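Accompanying notes for the structure given below.
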Amino acid sequence: MPYVPHTPEDVRAMLDTIGVDSVDDLFATLPEAVRLGRELDLPPGLTEEEVRQFLADLAAENVTQADLVSFLGGGVYDSIIPAACDAISSRSEFLTAYTPYQAEVSQGTLQVIYEWQSFISRLTGLPVANASMYDGSTALGEALVLAVGARRKKKVILPATLNPRWRRVAQTMLSGFGVEIVDAPATAEGTTDPEALAKLADADTAAVVIQNPNYLGLIEPVQALSDAGKANGALLIAAVNPVSLSLLKSPGEYGADMAVGEAQPFGINTCAGGPLLGFFAVSDKLTRKIPGRVVGRTVDIHGSDAYVLTLQTREQHIRREKATSNICSNQGLNALRATVYLAMLGGTGLRELGDANRVRLEALREEAAGVDGVELPFPGAAFNETVIRLPRSAREFRDYARQFGVLAGIPLEGVAGCTENDLLVAVTEKRTAEDLELFGEALDAFARGEEVVL
């Protein structure tokens, strides 16, 4: 909202109405020692046009992802966003809508959330989804908290190949519950070892987490892991990339009790890492323990469709000690954007999207494998991301590639046995053949030790 300063006449009228002689009188109760006692030391004011130019000059110093070719991933991806996502989410009836406490005046917002839940339920193969979470990491944390409470056990198992940022959030959220967190080791192929998991998942285990694809982009042996993890009654939590579900088995198909993930690739800008959009789906038996709230569909007295908050387990709605979550939000605008995106693609479009990601990743792998001194340490089936092993430090290549206008990826040292030369590279449907060639040129020049001359 534009700021229009008060005229002296405005100030006088307000003081007269209040019944004081001056602005200073408004602060008469404050001791003299805490008052400044002089005018603020500020530069002269600028005109509106001067302010615009000053801010434009500042903005011009930024280099955004739009100015570079991005191969960054690790949970947030540079994807194509249809114009309709911006156009619809910026409409005032959505942009200004508040959380839907009153169903009679919130039918549009409630319908969007209901459709969003329906999409997530279909994607994950689980019958119930909530009205979304802050992001994928907190959705995983909430799922672990749910499992600990439901099973009344104090041990959970996380894969060594889990997104390290998600791991840190989960550890923080579980820190007050006295929960033991155990790591399931990875094989030399970069995926979780089912035999090792079976030995860890004992009768004291509340939950086992599978991330598929895992943080290295690799497809996990989900059925074997599900069988091993659930053998002694633990709940299985699948942390999934939703785009991959266009091609891979859904969590419901391999027996997951809960599915969580990050829906940012569905029409949401990277925005320097947020805000994001988590999703959370559960089996029927866990419905009443799901965090947040669930929107349901019914009919009104005229027989027309009507939408209501069917389940409300947030502390804003019920007594705090009965709430299943104290941090959940419906992330309304981002959920709207994702719903518009999925409605536009439909089932056929979503499958084509997944295939476009797959084809481009394979093309990048071929590009990298053709460079002397560069290896693919984990050549197994992958989606969206792959690990490239460089002849020198991954951090060094990341800085080197910037000179080509490339955001090369994420260094992996310390993650699931990766070395300082390992780089996580993401490829989405947005990357063109020219982008992949540019990455290959940067990779080849780096491997040969060339200095950049641009």
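Taking the stated definitions as given, is Asp227 closer than 20 Å to Leu311 by Cβ and surrounded by fewer than 22 Cβ atoms within 10 Å (Cβ to Cβ)?
No: the conditions fail for Asp227.
Which of the residues spanning region 237-279 are surrounded by fewer than 20 Cβ atoms within 10 Å (Cβ to Cβ) and closer than 22 Å to Arg167 by Cβ?
Thr270, Ala272, Gly273, Gly274, Pro275
Name, by its number, the condition in (1) touching a Phe, Trp or Tyr at 6+ places or on another chain (Cβ under 6 Å); (2) closer than 25 Å to Thr428 by Cβ that does not hold for Ile81.
For Ile81, the exception is condition (1).
Given Glu50, Glu61, Glu115, which one is charged (D, E, K, R) and in contact with a Ser or Thr (Cβ under 9 Å, 6 or more places away or on another chain)? Give the steps one after another, and end with the answer.
Working: Glu50 fails: in contact with a Ser or Thr (Cβ under 9 Å, 6 or more places away or on another chain); Glu61 fails: in contact with a Ser or Thr (Cβ under 9 Å, 6 or more places away or on another chain).
Answer to the selection: Glu115.
Under the condition of being modelled with pLDDT of 90 or more and either basic (Lys, Arg) or in contact with a helix residue (DSSP H, G or I) (Cβ under 6 Å, 6 or more places away or on another chain) (or both), which residue from region 290-307 is surrounded by the fewest Cβ atoms within 10 Å (Cβ to Cβ)?
The extreme case among them is Arg297.
Scanning for something assigned to a helix (DSSP H, G or I), over 30 Å from Glu367 (Cβ atoms) and either among the aliphatic types (A, V, I, L, M) or assigned by TED's automatic domain parsing to the domain that holds Asn163 (or both), does region 20-29 turn up at least one residue?
yes
Looking at Arg165 and the list (1) crowded, with 17+ Cβ neighbours inside 10 Å; (2) modelled with pLDDT of 95 or more, which single condition is not satisfied?
Every condition holds for Arg165 apart from (1).
Taking into account only those residues within region 380-412 that are more than 26 Å from the chain's Cα centre (by Cα) and either more than 23 Å from Ala66 (Cα to Cα) or of a type in the set (Lys, Arg) (or both), which is surrounded by the most Cβ atoms within 10 Å (Cβ to Cβ)?
Leu390
One residue is enough: does region 413-432 have a residue meeting the conditions at pLDDT 95 or above and part of a helix (DSSP H, G or I)?
no
Just the residues that are out of contact with any Ser or Thr (no Cβ under 9 Å at 6 or more places or on another chain) and of a type outside the set (Asp, Glu), please, taken from region 366-386.
Result: Ala369, Gly370, Val371, Gly373, Val374, Ala381, Ala382, Thr386.
Of all residues in region 225-247, which are touching a Gly at 6+ places or on another chain (Cβ under 8 Å) and in a loop (DSSP other than H, G, I, E, B)?
Asn241, Leu247
Exactly one of these conditions fails for Val51: (1) assigned to a loop (DSSP other than H, G, I, E, B); (2) surrounded by 10 or more Cβ atoms within 10 Å (Cβ to Cβ). Give me its number.
Checking Val51 against (1) assigned to a loop (DSSP other than H, G, I, E, B); (2) surrounded by 10 or more Cβ atoms within 10 Å (Cβ to Cβ), the one that fails is (1).
Do we find that Tyr77 is touching a strand residue (DSSP E or B) at 6+ places or on another chain (Cβ under 8 Å), modelled with pLDDT of 90 or more, not in a loop (DSSP other than H, G, I, E, B) and not aliphatic (A, V, I, L, M) in this structure?
When the stated conditions are applied, Tyr77 does not pass them.
Val11: of a type in the set (Val, Ile, Thr), part of a loop (DSSP other than H, G, I, E, B) and modelled with pLDDT under 95, yes or no?
Working: of a type in the set (Val, Ile, Thr): yes; part of a loop (DSSP other than H, G, I, E, B): no; modelled with pLDDT under 95: yes.
No: the conditions fail for Val11.
Scan the helices (runs of 4 or more DSSP H) fully inside region 90-167 and keep the ones with 3 or more residues being more than 21 Å from Thr298 (Cβ to Cβ). Walk me through how you get there before you give the answer.
Numbers: elements: 92-95, 107-124, 136-151.
Counting at least 3 such residues, we get 92-95, 136-151.
Could we say that Leu311 is assigned by TED's automatic domain parsing to the domain that holds Asn214, at pLDDT below 85 and part of a strand (DSSP E or B) here? First the steps, then the outcome.
Details: assigned by TED's automatic domain parsing to the domain that holds Asn214: yes; at pLDDT below 85: yes; part of a strand (DSSP E or B): yes.
Yes.
Based on this model, can you work out whether Asp202 counts as over 17 Å from the mean Cα position of the chain (by Cα) and not in a loop (DSSP other than H, G, I, E, B)?
In short, no.
Condition (residue is modelled with pLDDT of 95 or more, closer than 30 Å to Leu364 by Cβ and under 43 Å from the mean Cα position of the chain (by Cα)) applied to region 52-69: is it met by at least one residue?
Yes, region 52-69 contains at least one residue that is modelled with pLDDT of 95 or more, closer than 30 Å to Leu364 by Cβ and under 43 Å from the mean Cα position of the chain (by Cα).
Look at Val128 and say whether it is under 22 Å from Leu333 (Cα atoms) and surrounded by fewer than 24 Cβ atoms within 10 Å (Cβ to Cβ).
Details: under 22 Å from Leu333 (Cα atoms): yes; surrounded by fewer than 24 Cβ atoms within 10 Å (Cβ to Cβ): yes.
Yes; evaluated as a whole, the condition is true for this residue.
Could you please find all residues in region 33-65 being within 30 Å of Val406 (Cα to Cα) and of a type in the set (D, E, K, R)?
Correct list: Asp57, Glu61.
Taking Thr47 as the residue in question, decide whether it is modelled with pLDDT of 90 or more and either more than 30 Å from Ile410 (Cα to Cα) or within 27 Å of the chain's Cα centre (by Cα) (or both).
Yes.
Looking at Ala33, Ala59 in this structure, which one is in a helix (DSSP H, G or I), of a type in the set (Gly, Ala, Ser) and closer than 30 Å to Leu336 by Cα? Walk me through how you get there before you give the answer.
Working: Ala33 fails: closer than 30 Å to Leu336 by Cα.
The conditions single out Ala59.
The values are calculated or read from the model by the stated rules, or taken from the named source; none is laboratory data. What you see is a predicted model, and the numbers here were worked out from it, not measured in a lab. We place every Cβ from the backbone using ideal geometry, glycine too, and count neighbours over all the protein chains shown.
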